[in-house]
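What follows is one structure encoded as structure tokens, with my remarks underneath.
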């Protein structure tokens with residue numbers, strides 16, 4: 001997914017930065033969702049196809065579509081998965097007919113949608129009666145973003161880091177309200193906590209620099225100031241006796257049934 005402030009145009013870099021996290025959270029999400037096989041799926045904001053591939057491998061979909069505004073990301077997705085149809089498009093104006101799929105999912109996407117309620121309404125529109133509208137998203141403002149330590153040090157350094165347009169959309173109550181207000185039935189939510197281990201701080205920092213927009217912003221900091229910044233980030237991390245960096249992320253998941 002892409003916004004004017006945060007642009008994902010390198011599928012391989014996105015894989016290192018967020019694709020791994022997407023799959024970690026996606027694994028727990030799919031276990032909770034427990035979808036039926038042979039469903040028609042739509043992955044909205046599919047990016048480089050990290051989660052789309054999980055659907056293909058774990059859920060035995062009848063059909064599988066992925067949509068994203070970034071053609072560069074879609075190009076990467078097509079190299080990893082040839083059993084899905086990937087199209088460029090907008091989450092608030094889905095290029096699909098009414099009642100055309102069984103499951104619509106937004107994986108780590110809803111906070112990028114400028115009008116989340118409109119995005120949910122579009123999912124409801126394209127999903128058949130009895131089908132699922134579902135999502136999971138980092139709790140950005142609640143400290144659940146996996147790289148929240150970096151964001152905190154930026155804030156403490158009076159450096160503005162780009163935020164997605166709807167940063168509070170990943171809040172558990174906000175998600176529940178969005179789904180309920182969209183008229184979805186049997187709305188359920190779940191908190192998902194995942195952990196990722198980096199072999200060293202250097203590996204962690206290299207991945208941070210893969211961040212869209214933020215990586216370039218960090219590299220523009222003068223060298224002496226950057227070293228102080230990195231030291232502050234290091235202090236905020238959990239690093240074990242062997243030098244491994246242990247990070248966690250917290251996402252909130254929601255699901256509802258179309259009436």
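Before moving on, here are some points about what is shown:
- The sum of -39500 (n - 2.57) across all DSSP H runs of n ≥ 4, divided by the residue count of the chain, sets its helix-only mean residue ellipticity at 222 nm to -10500 deg cm²/dmol.
- Virtual spin-label span in nm between residue 242 and residue 82, 7 Å along Cα→Cβ: 3.8
- Considering only beta bridges that DSSP places wholly inside the chain, some 55 percent are antiparallel.
- Degrees separating the helix 20-33 axis from the principal Cα axis of the chain, which is the longest one: 40
- Our estimate of slack between residue 224 and residue 191, defined as 0.36 nm per intervening residue step minus the Cα-Cα distance, is 7.9 nm.
- Rounded to 10°, Cα long-axis angle of helix 172-181 versus longest principal axis of the chain: 20
- Rg/Rg_ref, the range 63-215, where Rg_ref = 2.2 N^0.38 Å and atoms are Cα: 1.16
- A Gaussian network model of the chain, with springs between Cα atoms under 10 Å, assigns the largest mean-square fluctuation among 18, 54, 219 to 219.
- Zone of residue 177's modelled label, taken as backbone nitrogen in the range 128-164 under 15 Å from a point 7 Å along Cα→Cβ: 141-142
- Take each peptide in 73-84, 230-241, count the other Cβ atoms within 10 Å of every residue, and average; sorted highest first, the result is 73-84, 230-241.
Rule-based calculations on the coordinates, nothing more; no lab input. Note that the coordinates shown come from a computational prediction; the quantities given were computed from them, not determined experimentally. Heads up, the Cβs are rebuilt from the backbone with ideal geometry, glycines too, and the neighbour counts pull from every protein chain shown.
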